[in-house]
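S.K.: Attaching a single structure in structure tokens format; questions to follow.
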Amino acid sequence: MTKILAWDCSPKVPSLIPFFLPFAGCPFRCLYCAQDLVTGQEHHDPLSLRFQRLHKELLQRRRPDRDPPQLAFYGGTFTALPLDAMNYCLEQAQHLLEQGLISALRCSTRPDALPDDRLLRLREAGMTTIELGIQSFDEGALRATERGYGSIKACEACTKVKDYGFELGVQLLPGMPGLSPGRFLKDVSHAISLGAGLLRFYPCQVLAKTKLAALWRKGLYSPWDLQTTLATLAVGYLKAQDAHVPVIRMGLAPEPSFLQARLAGPWHPSLGARVMARSLYLAVLRAKGRAKLVCLRLPRRLQGFFFGEKGEMRDKWARLACEILFGNVDRVELDLLETHKT
Ligand code: SF4
């Protein structure tokens, strides 16, 4: 019998052009956060100059055969920017939309910074997606990380974003203080149940000059190790796959300033691919059940991550003793032989 795996082989990852506003609008600097280092950008230039540069870049990137990217206001608390700065950003973005240089607008913000008038303004300006830096829905973890809001606020924020008609993105912080792998997996389920249309997993890093670095030095915080992170995110990714919710980013980009500032934490340049390799393996095991897997057919595009980093998944696949074929298929197909107990 042939079984089709419920696995999205080409998840929808939007093309984005980020416009970083590090710490802009943030009520305080969070325990673990170093947005200037993570984004590799400390923007001191006036907004007008930055939009001029963006305009030039978008003109250079324009291709007749490709959709324009979405403009993403990231790195701070967009909905808590001083009103004139927020309006200026939205007006500039609208010009870019009108010229067809961008296809949509999105922003990231805190769950406790969603006043109605700001949401209305975003909607009127054509914003389509709001990504909430939820980090966790777990009360203890939110308290330990001094996020400044609790679980109820985090849930209400997700509902509010949806109620206003935006697509909801949820950013989670596996490994944050007070969060166990089990609680993180509950967070993934929780975000999905609240209507998240996309997820991001950013394993918590210890970065220089943060409060978390001081706690780590005193032995009061230990990040998750890489293996725990890979294994846990693989289960989280599978939950998202089951719910048809794309995880559009796992782990931070290798910005030189971030790598320099990273003191500890589970980071790898191919973290996402390694997680997907594990997750696909789990999905196949689950679909196979007690049957014997004779042949696994996969779209060629999965070849890039299937065997994992330096073939780390080869032994696992070899133990299944099945034929593995990459070809012109759209879905993952399993040829199974039912084994009957006598
Ligand atoms: S609100 Fe977000 S961007 Fe601002 S300091 Fe906290 S984690 Fe960083």
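The values are calculated or read from the model by the stated rules, or taken from the named source; none is laboratory data. All values derive from a computational prediction rather than experimental measurement. When we count neighbours, we look across all protein chains shown, and the Cβ atoms used for this are built from the backbone with ideal geometry, even at glycine. Note: accessible area is taken over every heavy atom of the protein model, side chains too, but ligands, DNA and RNA are not part of it. Shrake-Rupley method; radii C 1.70, N 1.55, O 1.52, S 1.80 Å.
S.K.: Provide the FRET efficiency to the nearest 0.05 for the Leu285-Leu259 pair, computing r from the beta carbons and using R0 = 41 Å.
M.R.: 0.75
S.K.: How long is the gain from Ser189 to Lys310 if the chain were fully straight, where each residue apart is worth 0.36 nm and the alpha carbon distance is subtracted?
M.R.: 40.5 nm
S.K.: Could you state the accessible area per residue of segment 285-342 in Å², with a 1.4 Å probe and every protein chain left in place?
M.R.: Dividing the accessible area of segment 285-342 by its residue count gives 66 Å².
S.K.: To continue, here is another question. Run the simple label-point estimate for Glu98 and Asp67 please: 7 Å along Cα→C-beta, distance reported in nm.
M.R.: If labels sit at Glu98 and Asp67, their model points lie 2.3 nm apart.
S.K.: What are the extents of the Cα atoms of segment 105-228 along their three principal axes, listed from largest to smallest and rounded to whole Å?
M.R.: 48, 29, 23
S.K.: Could you give me the ³J(HN,Hα) list for segment 139-147, computed from phi with Karplus coefficients 6.51, -1.76, 1.60 and θ = phi - 60°, whole Hz, x at Gly and Pro?
M.R.: 4, x, 5, 5, 5, 4, 8, 6, 6
S.K.: Related question: What does the convex hull of the Cα atoms come to per residue for the chain, in Å³?
M.R.: Given the Cα convex hull of the chain, per-residue volume reads 160 Å³.
S.K.: I'd like the per residue volume of the convex hull spanned by the Cα atoms of segment 5-55, given in cubic angstrom.
M.R.: Spelled out: Cα convex hull of segment 5-55, divided by residues, is 155 Å³.
S.K.: How much of the accessible area of segment 10-278, in percent, comes from carbon and sulfur atoms when a 1.4 Å probe is used?
M.R.: Exposed carbon and sulfur together represent 53 percent of the surface.
S.K.: Follow-up. What number in nm² do you get for segment 298-342 if you take the convex hull of its Cα atoms and divide its surface by four? If you can, show how the numbers build up before the last one.
M.R.: Details: hull surface 15.7 nm².
So the mean shadow area of the Cα hull is 3.9 nm².
S.K.: Hey, another quick one. Within the set Lys162/Lys288; Lys12/Lys186; Lys186/Lys288, which residue pairs have Cα atoms separated by over 28 Å?
M.R.: Lys162/Lys288
S.K.: Suppose each label sits 7 Å from its Cα in the direction of the beta carbon; what would the His55-Lys218 distance come out to in nanometres?
M.R.: Taking the two extended label points, one gets 5.0 nm.
S.K.: Could you do me a favour and compute the accessible area per residue for segment 87-170, 1.4 Å probe, result in Å²?
M.R.: Normalised by residue count, the accessible surface of segment 87-170 is 37 Å².
S.K.: Turning to a different aspect of this structure: Would you calculate a helix-derived [θ] at 222 nm for the chain, using -39,500 (n - 2.57) for each DSSP H run of n ≥ 4 and dividing by the full residue count, to the nearest 500?
M.R.: On the way: 13 runs with 135 residues, N = 342.
Dividing the helical sum by the residues of the chain leaves -11500 deg cm²/dmol.
S.K.: Just to be sure I understand: with springs between alpha-carbon atoms less than 10 Å apart, which residue in His44, His244, His55 has the highest mean-square fluctuation in the Gaussian network model of the chain?
M.R.: Checking each option, the largest mean-square fluctuation is seen for His44.
S.K.: On each of the three principal axes of the Cα atoms of segment 251-312, give max minus min coordinate, whole Å, ordered largest first.
M.R.: 48, 23, 16
S.K.: Counting other C-beta atoms within 10 Å, and keeping those with at most 12, which DSSP coil trypsin sites (Lys or Arg not before Pro) do you find in segment 290-342?
M.R.: Answer in residue order: Arg290, Lys341.
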